[in-house]
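Here the structure is laid out as structure tokens; the discussion comes afterwards.
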Amino acid sequence: MGKRVALTGNEAIAFAMRQIDPDVVAAYPITPQTDIVQYFSSFVADGEVKTEFVTVESEHSAMSATLGASAAGCRAMTATSSNGLALMWEVVYITASFRLPVVMPVVNRALSAPINIHCDHSDSMGARDSGWIQLYSENAQEAYDNVIQALRIAEHADVRLPVMVCSDGFIISHSMQNLELLEDEKVKAFIGEYKSDYYLLDVDNPLTMGALDLYDFYFEHKRQQAEAMVNAKRVILDVGKEFGLLSGREYGFFEKYRLDDAEIALVVMGSTAGTAKAAVNQLREQGIRAGLLKLRVFRPFPHEELKATLSGLKAVAVMDRAESFSTLGGPLFTELRSALYGEPGAPPVVDHIYGLGGRDIGVEDIIWIYEDLQGIAEKGTLRAPVNYLGVRE
Amino acid sequence: MARLVEIRWHGRGGQGVKTAALLLAEAVAAAGKFIQGFPEYGPERMGAPVLAFNRISDEPITIHSHVKEPGVVVVMDPTLIGSVDVTEGLPEDGVIVINTSESPQKIRGKLGLCGRKVYTVDASQIALGTLGQAIPNTPMMGALIRATGLIGFDRFMDLVQGLLAEKFKSKPEVIKGNLQAIERAYQEVTGE
């Protein structure tokens, strides 16, 4: 039995990093991720971890130093938010392409401009095609659990891909919540010792990373990355099951909440899924068969499982906390609808872009989505595929 | 206790509003409650009006939206009255606890408030006497516990003592003053 505590999301993540005790952490503070770096640097100063903590002058350097440490054979981590992730951009792609198992908590925050410190998913959604695995967390407990599992997923020999563990800025990062921590030795046994098979400091087996790779082999390397993402699906499930045995909290690609007998459903990621659960409970009391699918794994996108779960519903609403400017809705919507396309019995799907720049989302907003969804289910058609929830037009 | 209690804290930057909300959350969590504690983040600076919130329940809390209709409001700085609508969303059976030297009756008149329960305590004066500075956040916790009965006072004091001992390892001299401040505010708060 773990220890029941009250921590903010950032404290929970920093505590997971303390238990992981990475060889190297290189990080630069940015709101709302700052606490993670602050707490972790006190663990370093107090000798609670053996980590080499590298204070860098920017996020580009943070990601570069983390990449360098990981390429040298270390277990390396960093953390960021928003414009910090944007500044890392070049190296984010290189880390994935080097197949380095870096784990990076991303505390989701809107991108500038206008400048805004609050939550939306535009930062990590922008990195959705960078080759990183992405896990999203509903609360501090899931952020903690996801960071620990991310190590195992990233370092698996069939995967070797970096992982972003996303949690909602302020809503989760700065909110004190109840959670259960695992004992240090259990976490250490779960993640095991890291031994890289291919690393630059292996002088007996010299190798090159980042060599020039033109039309002769570049394509094959990208194909291998895509294959690693396919392999990640099995590993994510295996690790989620094993973590369940350890903690009593099993993880999959998504959580189904009152979904099995639902007629209409919502698909959402992050903290809003928790608020949506309260909305579902209220609607169920009124006899409305509302259900919820909380997506945890956005990369790889579990399209087969989503298709199997959502086909047969009368109507589905997606909530996107990011704008893609495609004029066809947010990233979750376009991918989900693409997964359902051509499937017999596929429900009509509507997108609600919401909560940009931290705009509050209440139970009543989500109930409105379900009521709108009832109308769509009755008619079988959409008024418009994309709605901007609660925005002043 | 009701199934879910929502609390809104009003104060000014530097008065320890966030600390109070988080400390309360931590203490009642240690007593087995389900909790949330979070400040509102905006353009804070010393002296500017700030907010913090709690949710406290006997059941797990999944809602992550703002608190719009708090059953309990705590006002750490009486000069906010008139410039900030401290009673906004306070329901008919709501409770408001205010740091002021004035009586509940007088404050009720100032707020133009009918119904609801109004409690007052001179937390700044208590803090001056016990801590040597007018930081009213810990005494207001004592007044809040008295006004709401969230958890038993002795249990609360035990838990807060443990938490303060942890937080102030490097300056243990402030622990005693804070505990005295909480106790005095608990004793001195009056309501109608």
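Partner shielding of A:170-176 amounts to 6, given as the average count of beta-carbon atoms from other chains within 10 Å of each residue beta-carbon. Sequence-ordered 3J(HN,Hα) estimates for the stretch A:222-237 from the Karplus curve with 6.51, -1.76 and 1.60 and θ = phi - 60° stand at 5, 4, 5, 4, 5, 5, 4, 5, 5, 4, 4, 4, 5, 5, 4, 5 Hz, glycine and proline given as x.
Could you give the dipole magnitude of the stretch A:255-389 about its Cα centre, charging the beta-carbon of Lys and Arg +1 and that of Asp and Glu -1, in debye to the nearest 20?
For this selection, approximately 160 debye.
Among B:GLU166, B:GLU26, B:GLU102, determine the one that fluctuates most according to a GNM of chain B built with springs between C-alpha atoms less than 10 Å apart. Judging by the Gaussian network model, the answer is B:GLU166.
The fewest-to-most ranking of A:TYR388, A:TYR136, B:TYR41 by surrounding Cβ atoms within 10 Å reads A:TYR388, B:TYR41, A:TYR136. When chain A is treated as a GNM with alpha-carbon contacts under 10 Å, the residue of A:LEU356, A:LEU259, A:LEU245 showing the greatest mean-square fluctuation is A:LEU245. Take each peptide in A:292-305, A:73-86, A:269-282, A:198-211, count the other Cβ atoms within 10 Å of every residue, and average; sorted highest first, the result is A:73-86, A:269-282, A:292-305, A:198-211. Classify the protein assembly as shown: rounded, prolate or oblate, from the alpha-carbon gyration tensor (a ≥ b ≥ c, eigenvalue square roots; a/c under 1.5 rounded; otherwise prolate if a/b is larger than b/c)? Cα axes put the protein assembly as shown in the oblate bin.
Averaged over B:57-68, how many beta carbons belonging to a partner chain fall within 10 Å of each residue's beta carbon?
6
Which percent, to the nearest 5, of DSSP beta bridges fully inside the protein assembly as shown are antiparallel? Antiparallel: roughly 40 percent of the beta bridges in the protein assembly as shown.
Rounded, prolate or oblate for the stretch B:4-191? Axes are the square roots of the Cα gyration tensor eigenvalues, ordered a ≥ b ≥ c, and the cut-off for rounded is a/c under 1.5. Let's see the in-between values first.
Working: a/c = 1.38, a/b = 1.14, b/c = 1.22.
It comes out rounded by the Cα gyration axes.
Placing +1 on each Lys and Arg Cβ and -1 on each Asp and Glu Cβ, with no other charges, gives the stretch A:35-188 a dipole about its Cα centre of roughly 420 debye.
Partners of A:LYS188 within straight-line reach, counting aspartates and glutamates whose Cα lies under 13 Å from its Cα and excluding those fewer than 8 residues away in the same chain: A:ASP21.
Between A:TYR388 and A:LEU207, the simple spin-label model (points 7 angstrom out along Cα→Cβ) gives 4.8 nm.
Structural descriptor for the stretch B:4-191: relative contact order 21 percent, calculated from alpha carbon pairs under 8 angstrom and at least 6 residues apart. Per residue of A:271-278, other chain Cβ atoms within 10 Å of the residue Cβ number 4 on average.
Here's the picture: charge each Lys and Arg Cβ at +1 and each Asp and Glu Cβ at -1 in chain A, and of A:VAL350, A:LEU161, A:GLN177 the one pushed furthest to the positive end of that dipole is A:VAL350. Measuring nothing but how far apart in sequence close Cα pairs (under 8 Å, 6+ apart) lie, relative to its length, the stretch A:35-90 scores a relative contact order of 33 percent. If you run the Gaussian network model on chain B, springs between alpha carbon atoms under 10 Å, then out of B:GLN133, B:GLN161, B:GLN180 the most flexible one is B:GLN133.
Over chain B, dividing the summed -39,500 (n - 2.57) contributions of all DSSP H runs of at least 4 residues by the number of residues returns a 222 nm mean residue ellipticity of -12000 deg cm²/dmol.
Just want the answer: with Cβ charges of +1 for Lys and Arg and -1 for Asp and Glu, which residue in A:TRP89, A:VAL230, B:VAL5 is farthest toward the dipole's positive end in the protein assembly as shown? The residue sitting farthest along the positive end of the dipole is B:VAL5.
Adding -39500 (n - 2.57) for every DSSP H run of four residues or longer, then dividing by how many residues chain A holds, sets the calculated 222 nm ellipticity at -13000 deg cm²/dmol. In straight-distance terms, cross-link reach from B:LYS176 covers every one of the lysines whose alpha-carbon lies under 30 Å from its own, apart from those fewer than eight places away in the same chain; here that gives A:LYS3, B:LYS18, B:LYS33, B:LYS167. Once you list every other residue whose beta carbon is under 14 Å from the beta carbon of A:SER167, what net charge do they have if Lys and Arg are +1 and Asp and Glu are -1? Here the charged neighbours net out to -4. With the Cα gyration tensor of the stretch A:255-389 giving a ≥ b ≥ c as the square roots of its eigenvalues, does the rule (a/c under 1.5 for rounded; else a/b larger than b/c for prolate; else oblate) give rounded, prolate or oblate? Rounded. Couplings 3J(HN,Hα) for the stretch A:351-360, derived from phi with the Karplus relation 6.51 cos²θ - 1.76 cosθ + 1.60 (θ = phi - 60°), are 10, 10, 7, 8, x, 5, x, x, 3, 5 Hz, where x marks Gly and Pro.
Cut-off is 10 Å between beta-carbons; in what order do A:TRP132, A:TRP368 appear when sorted fewest neighbours first?
Values: A:TRP132 24, A:TRP368 15.
Fewest to most other Cβ atoms nearby, the residues stand as A:TRP368, A:TRP132.
In a reduced charge model with +1 at each Lys and Arg Cβ and -1 at each Asp and Glu Cβ, chain A shows a dipole moment near 660 debye about its Cα centre.
Every number here is computed from the coordinates shown, using simple stated rules; none is lab data. As the structure is a prediction and not an experimental result, all values here were calculated from the model. Ideal geometry is used to build each Cβ from the backbone, glycine not excepted, and the neighbour counts take in all protein chains shown.
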